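The values are calculated or read from the model by the stated rules, or taken from the named source; none is laboratory data. These figures come from a predicted structure and were not determined experimentally. Positions of Cβ are generated from backbone atoms using ideal geometry, with glycine treated the same way; all protein chains shown enter the neighbour counts.
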Number of protein chains: 2
Amino acid sequence: MDAKTKQKYEARAQIIKAMAHPSRLFIVDELSRGERCVCELRDMIGADISTISKHLSVLKGAGILEDEKRGLQVFYRLRVPCILNFFGCVEDVLVANARRGAAVVKK
Amino acid sequence: MDAKTKQKYEARAQIIKAMAHPSRLFIVDELSRGERCVCELRDMIGADISTISKHLSVLKGAGILEDEKRGLQVFYRLRVPCILNFFGCVEDVLVANARRGAAVVKK
DNA sequence: TTACTGGTTGGCAAAATAACCAAATAAATG
DNA sequence: CATTTATTTGGTTATTTTGCCAACCAGTAA
């Protein structure tokens, strides 16, 4: 792989990596229903607020979310909604895996 | 997040995590054009064959690839082709980021 | 059997991630 | 201005991931 190709895949991997965490996946899923402030997400996820803030900054850094401060609160929303397409296929993989699991059990 | 919800997002994150690496992303992209043996992928990526083999086992473990041994070689192929949908959206994010980058530079 | 080729596995060191706490910042309020 | 609330940032430690090497395993062929 030459340097340019490597860069290409690194840039793409960074975006996918930003999604590759349960809490961050939850956040993306939740924001598909509309913007949320950090404190709402903290209440839903139940981790330290600094942890939530860091997850949000990873997603924002990747270009998946954008934020807006209004008063004391910061609201986050999806910047590129097609991100939700991921979920459908992930579901398909899980279904296929369940079948595989069932098949393995059958043996 | 209750335990069940957490599990749900962990299962999904595991699949996305399997894609979240430049070499593994390259492999998925390459296999979209047809099956390849480990040695072909090693030649294209240029890492140690044990490294390639481990990447493949991560993707296989997630249920994204399947393998078949024929003679001395092991061929890998996509098990769930919808995985390719990821690329389109990742492209969109990159385009949006490029615009953002341009805008930032403009300031 | 011996040797060879293609691939996997185990182990290790280096690098990247994750989660928490504490401290800093920023907007609103008394 | 001092205080409170919402969030971010810095620092630390624990965990996970990565990539290489060496050793091992599975077919194939001499």
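Structure notes:
Rundown of residues vs (1) closer than 30 Å to A:R42 by Cα; (2) away from DNA strand D (no atom under 11 Å from the Cβ); (3) in contact with a Leu (Cβ under 9 Å, 6 or more places away or on another chain), yes/no style:
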{"position": "B:M1", "(1), (2), (3)": "yes, yes, no"}
{"position": "B:K6", "(1), (2), (3)": "yes, yes, no"}
{"position": "B:Y9", "(1), (2), (3)": "yes, yes, yes"}
{"position": "B:K17", "(1), (2), (3)": "yes, no, no"}
{"position": "B:L31", "(1), (2), (3)": "no, yes, yes"}
{"position": "B:K69", "(1), (2), (3)": "no, no, no"}
{"position": "B:L78", "(1), (2), (3)": "no, yes, yes"}
{"position": "B:C89", "(1), (2), (3)": "yes, yes, yes"}
{"position": "B:A96", "(1), (2), (3)": "yes, yes, no"}
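- Residue check, B:D67 in a helix (DSSP H, G or I), among the acidic types (D, E) and within 16 Å of DNA strand C (Cβ to nearest atom): no
- Unmet requirement for B:M1, which otherwise passes all of (1) part of a helix (DSSP H, G or I); (2) at the interface with another protein chain (Cβ under 10 Å from one of its Cβ atoms): (1)
- Filter result (exposed (fewer than 12 other Cβ atoms within 10 Å of the Cβ) and under 17 Å from the mean Cα position of the chain (by Cα)) within segment B:70-99: B:G88
- Within segment A:70-90, the set of residues being β-branched (V, I, T) and more than 16 Å from DNA strand C (Cβ to nearest atom) comprises A:V80, A:I83, A:V90.
- Taken over segment B:4-25, the criterion of being at the interface with another protein chain (Cβ under 7 Å from one of its Cβ atoms) and out of contact with any His (no Cβ under 9 Å at 6 or more places or on another chain) is satisfied by B:K6, B:E10, B:A11, B:R12, B:I15, B:M19, B:A20, B:P22, B:L25.
- When segment B:20-54 is filtered for residues that are among the polar types (S, T, N, Q), more than 16 Å from A:Q14 (Cα to Cα) and assigned to a helix (DSSP H, G or I), the ones remaining, listed by number, are B:S50, B:T51, B:S53.
- Positions within segment B:48-69 being surrounded by 14 or more Cβ atoms within 10 Å (Cβ to Cβ), within 13 Å of chain A (Cβ to nearest Cβ) and touching a residue at least 24 places away in the same chain (Cβ under 8 Å), in sequence order: B:I52, B:H55, B:V58, B:L59, B:A62, B:G63, B:I64, B:L65
- Close pairs from segment A:70-97: first more than 7 Å from chain B (Cβ to nearest Cβ), partner assigned to a loop (DSSP other than H, G, I, E, B) and not aliphatic (A, V, I, L, M), Cβ under 8 Å, at least 6 apart: A:F75/A:E35; A:Y76/A:E35; A:R77/A:G34; A:R77/A:E35; A:L78/A:S32; A:P81/A:S32; A:L84/A:S32
- Residue in segment B:30-45 that is within 7 Å of another protein chain (Cβ to nearest Cβ) and without any contact (Cβ under 8 Å) to a residue 12 or more places away in the chain present: no
- No other residue among B:R70, B:R77 is farther than 18 Å from A:Y9 by Cβ, modelled with pLDDT of 95 or more and in contact with an Asp or Glu (Cβ under 6 Å, 6 or more places away or on another chain) apart from B:R77.
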